[in-house]
Amino acid sequence: MPNIHIPQKNKTLTVAPAENLMQALQTAGIPVASSCLGDGICSMCKMTIEGVVPLPSELELRTAARNKLSSAERLSCQITVTADLTVTTTYW
Ligand code: FES
């Protein structure tokens with residue numbers, strides 16, 4: 001079972017393998033900014049993630065480019081959790 005470390009909240013979540021990162025955070029009561037509800041188009045859910053994550057999809061790459069995300073930022077709504085991660089964002 002992978003762990004999600006959230007240092008800004010001083011929390012660690014244990015989640016089922018292949019759980020969606022944004023949904024796991026929200027289920028634990030941790031707010032994630034979004035205006036597209038996880039469709040991968042608004043980029044408000046962007047986070048810096050340490051750990052092994054799947055490569056970005058074409059959708060995520062287009063959204064990241066359109067919204068000028070840094071190379072270190074990923075869309076949490078597009079991340080499947082498969083290993084231990086540490087996540088941070090600017091609004092926590
Ligand atoms: S919630 Fe909109 S891009 Fe992730």
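Filter the stretch 25-35 for residues that are part of a loop (DSSP other than H, G, I, E, B) and within 16 Å of the ligand (Cβ to nearest atom); which is surrounded by the most Cβ atoms within 10 Å (Cβ to Cβ)? Give the steps one after another, and end with the answer.
Initially, the stretch 25-35 is screened for residues part of a loop (DSSP other than H, G, I, E, B), giving 28-35.
Now narrow it down to the ones that are within 16 Å of the ligand (Cβ to nearest atom): 30-35.
On the way: 30: 18, 31: 11, 32: 21, 33: 16, 34: 17, 35: 10.
Per the criteria, the residue is 32.
Filter the stretch 41-62 down to the residues that are surrounded by 14 or more Cβ atoms within 10 Å (Cβ to Cβ) and within 10 Å of the ligand (Cβ to nearest atom) and list them by number.
If the condition is that a residue be surrounded by 14 or more Cβ atoms within 10 Å (Cβ to Cβ) and within 10 Å of the ligand (Cβ to nearest atom), then 41, 42, 43, 44, 45, 46, 47, 60 are the ones that fit.
Scan the stretch 63-92 for residues that are exposed (fewer than 14 other Cβ atoms within 10 Å of the Cβ) and within 11 Å of the ligand (Cβ to nearest atom) and jot them down.
66
Looking only at the stretch 6-24, decide whether some residue is more than 16 Å from residue 89 (Cβ to Cβ), touching a Ser or Thr at 6+ places or on another chain (Cβ under 8 Å) and in a loop (DSSP other than H, G, I, E, B).
yes
How many residues does the stretch 41-68 hold that are of a type in the set (A, V, I, L, M, F, W, C) and outside any loop (DSSP other than H, G, I, E, B)?
Qualifying residue count, the stretch 41-68: 6.
Within the stretch 25-62, which residues are acidic (Asp, Glu) and touching a Ser or Thr at 6+ places or on another chain (Cβ under 6 Å)?
50
Quick check, is residue 38 within 12 Å of the ligand (Cβ to nearest atom), surrounded by fewer than 20 Cβ atoms within 10 Å (Cβ to Cβ) and either among the small types (Gly, Ala, Ser) or assigned to a loop (DSSP other than H, G, I, E, B) (or both)?
Considered against the rule, which asks whether it is within 12 Å of the ligand (Cβ to nearest atom), surrounded by fewer than 20 Cβ atoms within 10 Å (Cβ to Cβ) and either among the small types (Gly, Ala, Ser) or assigned to a loop (DSSP other than H, G, I, E, B) (or both), residue 38 comes out as yes.
Six or more apart or on different chains, Cβ under 9 Å: which pairs go from a residue in the stretch 1-28 that's touching a residue at least 24 places away in the same chain (Cβ under 8 Å) and within 18 Å of residue 48 (Cβ to Cβ) to one that's assigned to a strand (DSSP E or B) and of a type in the set (Lys, Arg)? Could you list them?
Short answer, once both residue conditions are applied: 4/11; 5/11; 21/74.
Read-outs: derived from the displayed coordinates by stated rules, not from any lab. Being a predicted model, the structure only gives us computed values, none of them experimental. Positions of Cβ are backbone-derived with ideal geometry, glycine not excepted, and every protein chain shown enters the neighbour counts.
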